[in-house]
Amino acid sequence: MADEALFHFLHNELIHYAYKSAEQGEVENGRCITRLENMGFRVGQGLIERFTKDTARFKDELDVMKFICKDFWTSVFKKQIDNLRTNHQGIYVLQDNKFRLLTQMSAGKQYLEHAPRYLAFTCGMVRGGLSNLGVKSIVTAEVSVMPACKFQVMIQKM
Amino acid sequence: MAVCIAVIAKENYPLYIRSIPAENKLKFHYMVHTSLDVVEEKISTVGKALVDQRELYLGLLYPTEDYKVYGYVTNSKVKFVIVVDSSNTALRDNEIRSMFRKLHNSYTDVMCNPFYNPGDTIQSKSFDTMVSGMMLQAC
Amino acid sequence: MSIPDYMQCAEDHQTLLVVVQPVGIVPEEHFFKIYKRIASINQINVRDSQRVLYIRYRHHYPPENNEWGDFQTHRKVVGLIAVTECVQAKDWPQTAERYHNQKEVFGSTLYDSRLLVFGLHGEIAEQTRTDVAFYPNYEECKEMEKRVEDFIESLFIVLESKRLDRTTDKSGDKIPLLCVPFEKKDFVGLDTDSRHYKKRCQGRMRKHVGDLCLQAGMLQDALVHYHMAVELLRSVNDFLWLGAALEGLCSASVIYHYPGGTAGKFGARKQSISVSAESGKRHRPGAQEVLIDPGALTTNGISADTSSEIGRAKNCLSPEDIIEKYKEAISYYGKYKNAGVIELEACVKAVRVLAIQKRSMEASEFLQNAVYINLGQLSEEEKIQRYSILSELYDLIGFHRKSAFFKRVAAMQCVAPTIPEPGWRACYKLLLETLPGYSLSLDPKDFSKGNHKGWAAVQMRLLHELVYASRRMGNPGLSVRHLSFLLQTMLDFLSDQEKKEVTQSLENYTSKCPGGMETITLPDGLKLLPVPFTKLPIVRSVKLLNLPLGLRPHKVKSLLGQSLATKSPFIYSPIIVHNRGEERGKKIDFQWVQGDVCEVQLMVYNPMPFELRVENVGLLSSGVEFESLPAALSLPAESGLYPVTLVGVPRTSGNITINGYHTSVFGVTSDCLLENLPGVKTSGCTVEVVPALPRLQLNTSLPRSAHTLQPASGEEVSTSVSVQLFNGESQKLVVKLENIGSEPLETLEITSKVVTTKEKLFGDFLTWNLDEVLSQLPLKPGQVATLTVGIRVKLDFSGQESMLQDLNDDGISVTGLPISSPLRQVLKPRTESKPLNSSESNKSGEYNHVKALEAILNFKYSGGPGHVEGYYRNLSLGLHVDVEPSVFFTRVSTLPATSTRQCHLLLDVFNATEHELTVSAKNNEDLVLHAGECQRMAIQVNKFNFENLPQLSEETSNFTNLKQQEEERQHARGFEINSQLDIWEASVEGVLNQLVLEHLQLAPLQWGESQSRLCSLVAMLWLITCVKERMCVIVHSGTQFCLHCILYSYLQWVDSASQS
């Protein structure tokens, strides 16, 4: 289906626009990234509301993370998270070996320095989804070799 | 006939509350407010096997002389409360469930509206219309 | 039984009830002291046994409740301790009599009783009786406790005997039927021989025995008996007693499972003494669980050792079962409307158990049920108590909102219309207690941020009720405080109509008791924090204004370099989130002066739908003693941003910080601190206050002008005067400096600056004598110093430049050498540039062109402590001179004179005024000119030598342009000539153009030789002397050519027009 491509293109243009309309100082200090992340946050909130409409209630935090890895990721990116690790103390690492938004960019280390801005929106989405389910968190992402990337979720005690 | 429908945010303040008849709405405010205690009790996970933890529909919260209060909690901890007239015994559990379902659907739509900030009171006209339909229809 | 005992809990079933009552008149405090001492003995270890007795004491017990003693034995009074006071022996019989009467009240159930007599001496007091104890006074009764213990022991003995009686009373058929009061009539005439009836009796008796065992401390036996009773009664469907038996079972189980008691904070049991429960926890591993055969019951009950293990688990109910049984029991009770109290008490007990088990849902169901139990007619007091208890129980199970709800109902009940004396104080107190349940805190700071917690409609209602209650309580201060709280925190939720109503009632209340900013402390310790009205009006920005120009202090730049940088230490930071605190901390770069009125501008906004009257608006400040001058304002309904200027006078110097502002709205004073208002924009709140400086006011002899100077440099001029002068005229301006401040004026400097015009000004425009003023310093406050400033206007006396274009053709060279003809000066009306509406023939129109000259006279002054610190003030006077043209030299030509050292200068003089003028030049005859007339004058001038002139500066050697060189020389000549002539006069220079000036140059003593007219320029000086009102034109010049005309002009003013 072509709907995937639509989102990818939109996402790319979103980032492009954010950077184009930013002022010099903003680009340097990461305000653009913050803005993208905030956009993702709001989208995540709405998405989660829709996706969890018919599911049962979650038992605990781990249940929530599993839902994110499986159903949420599938709905948005048409695949699941490949690996979920946790230290059972509030830190979760979601690993996606072929992150859809990066597959078209490169297959190795090329353009690595541009990768962070393409992950900001997704980080925000995850954070927004979690927040709507009652889990306060901080989500960061890192990329070592494209298109694999890791999302790290740190649960905050409220 | 549903006499009062309320949507409550996860911080326990009302996002939307509407009741008919329009006067004496304070009474319903009180009723819904106190029913929150019961809702919280039901969804707390302190080792109770009484209620099916995984169901969103909470069922009858508590009956009073004139009214029956039903509750429903979404996964995002937003609570819906419907108050129906006790005299209306025709309402089956299923019907109540379907009312909640409709509420949930409409709420999801509101949530996905980019102009709606989560945490604000709900002012969407379509939501209003849906609620009005529910309040008058089930009689 | 009418009065429910809400404090009862399950473990009370094992207590013995003892009533302690006063007989006759006993002072309350003494009685209660004794009572407390007695009541402390609530547990007794029975002698020679492991059993423990529990006693419950009451000082008031309704006799009706006693009638239910058969039903549940803990309800009947088994012991009576009477306390009485008897001082005189003769009162003794009376006292004894009363005591006996009292005993009769509970007589039917009483096991034993005692009388404590205080205050009696004498032989009666010496008697040793078991039932009466005599004490001389309330203090000397140490062994009273011992007595009471003995008493309890005796009660125990009676109890035991009764128990044994009943237990072993298997005397076949004749078991009496135990009844509850309302049942008695039901059993009249019943067949007493039926099995049904017998079983009923047995069952009831069994249950009764169980009660007794429980009271006697034999838990296991009690359980066994109860079980038996349950079976018996169930078979006969004796529901009421069945319920009682079940309840008994539950109580015993509860006592077993919860040795700490279920009453929560009310009746915690001492665990160490309750032996039976603890020993019950031990069980021998491998012990069989066997239900004790009831037949094995002996008179002494199950022996201690075996009873500790065997059958314990089976007999006792599990915690879940307890609740089931309670439910069952209550349902049975529910069938009897007369058993409402029992039912209610059972519900309460069950709830307490459930609270401990943390099963709130079920507890709430029980409570729900309890609410609807109909107790018949309850008095108001009882209703209040009931709701209060319900509220407490809900609190116990964690349903805080419901608890708040019932508490509110209780509060409302306190002041129900049917109560003759409504208890408003109690109502108020209860309402205050409901606040946490509704998430309503009385601290306004909690409402300043973010989302509104809680339900606004409900909270508003509650606040209204608080206001009403406090008003009825007679404490208007509280009403004001609550109402202001409502207005402040719920402003967004009030409708327009409600806003009006609330403010009107607020004004009503504050007329009796104005609202203030102090914390009100209630008797029970709750503090009501002050509520500043930060939304009435809403302040959007606070800006400190600089002083008016004339009052601004300037700092003298010290020679040691710049003072320590007072710039803000905050460098530019690209971080997004910069808090407003930083902005506030910035110091402003202007200063205020001690003793002078300083202003702060607030932009405010009125959110109310009606006009808002704000009174007593002033500033709150710290750091410097600041006298704030309050203002009052009236803001229109829902105004936009409205500027308000608040003024004050700093009385000492230092650094002042504006912390906030205070207002008085609707009679309520509020102190609003800026730090609590995050939404207020401010560009800095700290200002340095400079020590006092003097203040001067300017007064001049000339009239003030409406036309203010707008100098390009951006300075402002405090005063402007304007004057109209003719070109060449002088005028004296007397300036009066008045010290209107409070500091003496110690220093003064005066400078002047001509605002650049395109007009060429010759000579000094403004002159003054500084010593004249300095001699008058130091100027004390109130004194005036005068200064005279001379204005001399000397503009270009030529017509327009194009006027002087060429020399007269009449110029004849004496030597015959051709006069290289300078351009003829022609009166050329410049038609092309003239506006169309001016007639061509009106040549004088061009000449009437009024020129404007502007200058600023600057006074720099200082004094007082400000001077010590190095500050000064500037005062400037603007001077605008409208220069009317007076005389024009329209044509210049030269004629050779008789001597070569002289020549004649021919000037065409044009009178551009409307007066008649007399022009006189030195040594010449006067020329009278009428208005608009032009005549020629001849003046004899000396040619003068330029070589004697002072050296020009080196720059001239760099001038490539010859013309510039010449101009430079021209100026030099001009000054030289002025100084030579030394006449107080207005000078006119440049009347002649270059070529004419050539003519006037003194030849370097070479006769007859012509020099190139381009080589040197001759400066020609036309001097017009102005002495008072006379104008003399003195021309001094010399040229190579023989110009031998000296023109004296003498102009005589006819001042008639201006002075007459």
Selection status of A:Ile15, within 14 Å of chain B (Cβ to nearest Cβ) and not in a loop (DSSP other than H, G, I, E, B)
no
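Residues are listed down the side, and each one gets a yes or a no for (1) more than 16 Å from C:Ala346 (Cβ to Cβ); (2) free of Cβ contacts under 8 Å to residues at least 40 places away in the same chain; (3) of a type in the set (Ser, Thr, Tyr):
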residue: C:Ser194; (1), (2), (3): yes, yes, yes
residue: C:Lys198; (1), (2), (3): yes, yes, no
residue: C:Arg206; (1), (2), (3): yes, yes, no
residue: C:Asp211; (1), (2), (3): no, no, no
residue: C:Leu249; (1), (2), (3): no, no, no
residue: C:Ala252; (1), (2), (3): no, no, no
Specify the residue that is nearest to the chain's Cα centre (by Cα); the eligible residues are those in the range C:681-701 that are surrounded by 22 or more Cβ atoms within 10 Å (Cβ to Cβ) and β-branched (Val, Ile, Thr).
C:Val687
Does any residue of the range A:103-120 turn out to be among the hydroxyl-bearing types (Ser, Thr, Tyr) and within 14 Å of the chain's Cα centre (by Cα)?
yes
Of (1) at pLDDT 80 or above; (2) part of a helix (DSSP H, G or I), B:Tyr70 fails just (2)
Just for the range C:346-382: of the residues that are basic (Lys, Arg) and within 13 Å of chain B (Cβ to nearest Cβ), which one is surrounded by the fewest Cβ atoms within 10 Å (Cβ to Cβ)?
C:Lys358
How many residues are more than 21 Å from B:Tyr13 (Cα to Cα) and within 14 Å of chain A (Cβ to nearest Cβ) when one looks only at the range B:103-139?
1
Where in the range C:49-147 are the strands (runs of 3 or more DSSP E), entirely inside, with at least 2 residues that are surrounded by fewer than 16 Cβ atoms within 10 Å (Cβ to Cβ) and not aromatic (Phe, Trp, Tyr)?
none
Which residues, taken from the range C:234-262, are among the small types (Gly, Ala, Ser), open to solvent by 10 Å² or more (accessible area, probe 1.4 Å) and under 60 Å from the mean Cα position of the chain (by Cα)?
C:Gly260, C:Gly261
Kindly establish whether A:Ile33 is in contact (Cβ under 8 Å) with a residue 24 or more places away in the chain, within 14 Å of another protein chain (Cβ to nearest Cβ), buried (at least 18 other Cβ atoms within 10 Å of the Cβ) and in contact with a helix residue (DSSP H, G or I) (Cβ under 6 Å, 6 or more places away or on another chain).
yes
State all residues of the range A:43-56 that are more than 7 Å from chain B (Cβ to nearest Cβ) and surrounded by 15 or more Cβ atoms within 10 Å (Cβ to Cβ); if no residue qualifies, say none.
A:Val43, A:Gly44, A:Leu47, A:Phe51
For the range C:65-109, which positions are of a type in the set (S, T, N, Q) and within 25 Å of C:Gln14 (Cβ to Cβ)?
C:Asn65, C:Asn66, C:Gln72, C:Thr73, C:Ser108, C:Thr109
Which condition does C:Ile152 not pass, out of (1) of a type outside the set (Gly, Ala, Ser); (2) in the same structural domain as C:Lys103 (by TED's automatic domain parsing); (3) part of a loop (DSSP other than H, G, I, E, B), if it passes all the others?
(3)
Mind checking whether some residue in the range C:439-447 is assigned to a helix (DSSP H, G or I), within 14 Å of chain B (Cβ to nearest Cβ) and farther than 24 Å from B:Val38 by Cα?
yes
Restricting attention to strands (runs of 3 or more DSSP E) lying wholly within the range A:57-158, give those where 1 or more residues are under 19 Å from A:Gly40 (Cα atoms) and open to solvent by less than 20 Å² (accessible area, probe 1.4 Å).
A:91-96, A:137-142, A:149-155
Qualifying positions in the range C:510-548 - polar (S, T, N, Q) and surrounded by 15 or more Cβ atoms within 10 Å (Cβ to Cβ)
C:Thr510, C:Thr534, C:Ser541, C:Asn546
If only one of C:Ala469, C:Ala426, C:Ala416 is modelled with pLDDT of 85 or more, open to solvent by less than 50 Å² (accessible area, probe 1.4 Å) and away from chain B (no Cβ under 14 Å), which one is it?
C:Ala469
When every residue in the range C:490-507 that is assigned to a helix (DSSP H, G or I) and at pLDDT below 85 is compared, the one surrounded by the fewest Cβ atoms within 10 Å (Cβ to Cβ) is C:Asp492
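The values are calculated or read from the model by the stated rules, or taken from the named source; none is laboratory data. Just so you know, these numbers come straight off a predicted model, no measurement behind them. Cβ sites come from the backbone with ideal geometry, for glycine too, and all protein chains shown count toward neighbours. Remember, those area values only see protein heavy atoms, side chains included, never the ligands or the DNA or RNA. Shrake-Rupley method; radii C 1.70, N 1.55, O 1.52, S 1.80 Å.
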